[in-house]
Amino acid sequence: MRASLTNNDPAQLALRALVWTLGEPDRATRLLDVTGLTPADLRARADDPAVLAATLAFLEAHEPDLIACAEALEVRPEDLALAHRALESSDDIGDFA
């Protein structure tokens, strides 16, 4: 049985999703292109709620990636979406780039 969001801190889940996203070069390049983040941004701000929320928004925008990520992390796609909402509401993230 898959873990639910109640067993995962939203930031930790989002960080795991970021690592998964960066694990495939084409997907990583798409993340950078879509968000405007740079590799230096990711290194310096990987734990920033704005960057983590942007990563989850990126995954939500492309359902095949969202589903693949959820499967790889052994969570439900809904858990990633809930983590995204939690990160957005936890901080006034404004412009993440």
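The values are calculated or read from the model by the stated rules, or taken from the named source; none is laboratory data. Keep in mind the model is a prediction, meaning the values are calculated, not measured. Heads up, the Cβs are rebuilt from the backbone with ideal geometry, glycines too, and the neighbour counts pull from every protein chain shown. What goes into the accessible areas is simple: the full protein's heavy atoms, side chains included, and nothing from ligands, DNA or RNA. Shrake-Rupley method; radii C 1.70, N 1.55, O 1.52, S 1.80 Å.
Taking the condition of being assigned to a helix (DSSP H, G or I) and either at pLDDT below 50 or closer than 13 Å to Leu56 by Cβ (or both), how many residues in the stretch 1-16 meet it?
Here is the first cut: in the stretch 1-16, the residues assigned to a helix (DSSP H, G or I) are 5-7, 10-16.
Still in the list and also either at pLDDT below 50 or closer than 13 Å to Leu56 by Cβ (or both): 5-6, 10-16.
Count: 9.
Among the listed residues Phe58, Phe96, which satisfies the condition of being among the hydrophobic types (A, V, I, L, M, F, W, C), out of contact with any Lys or Arg (no Cβ under 6 Å at 6 or more places or on another chain) and modelled with pLDDT under 95? Give the steps one after another, and end with the answer.
Working: Phe58 fails: modelled with pLDDT under 95.
Being among the hydrophobic types (A, V, I, L, M, F, W, C), out of contact with any Lys or Arg (no Cβ under 6 Å at 6 or more places or on another chain) and modelled with pLDDT under 95 holds for just one of Phe58, Phe96, which is Phe96.
Here are the criteria: (1) more than 18 Å from Pro10 (Cβ to Cβ); (2) among the small types (Gly, Ala, Ser); (3) buried (at least 18 other Cβ atoms within 10 Å of the Cβ). Tell me which single one Ala68 does not satisfy.
(3)
I'd like the full set of residues that are over 16 Å from Asp79 (Cα atoms) and of a type in the set (Gly, Ala, Ser), limited to the stretch 11-60.
Gly23, Ala28, Gly36, Ala40, Ala44, Ala46, Ala50
Check Glu88 against each of (1) modelled with pLDDT under 95; (2) open to solvent by less than 20 Å² (accessible area, probe 1.4 Å); (3) not aliphatic (A, V, I, L, M) and name the one condition it does not meet.
It is condition (2) that Glu88 fails.
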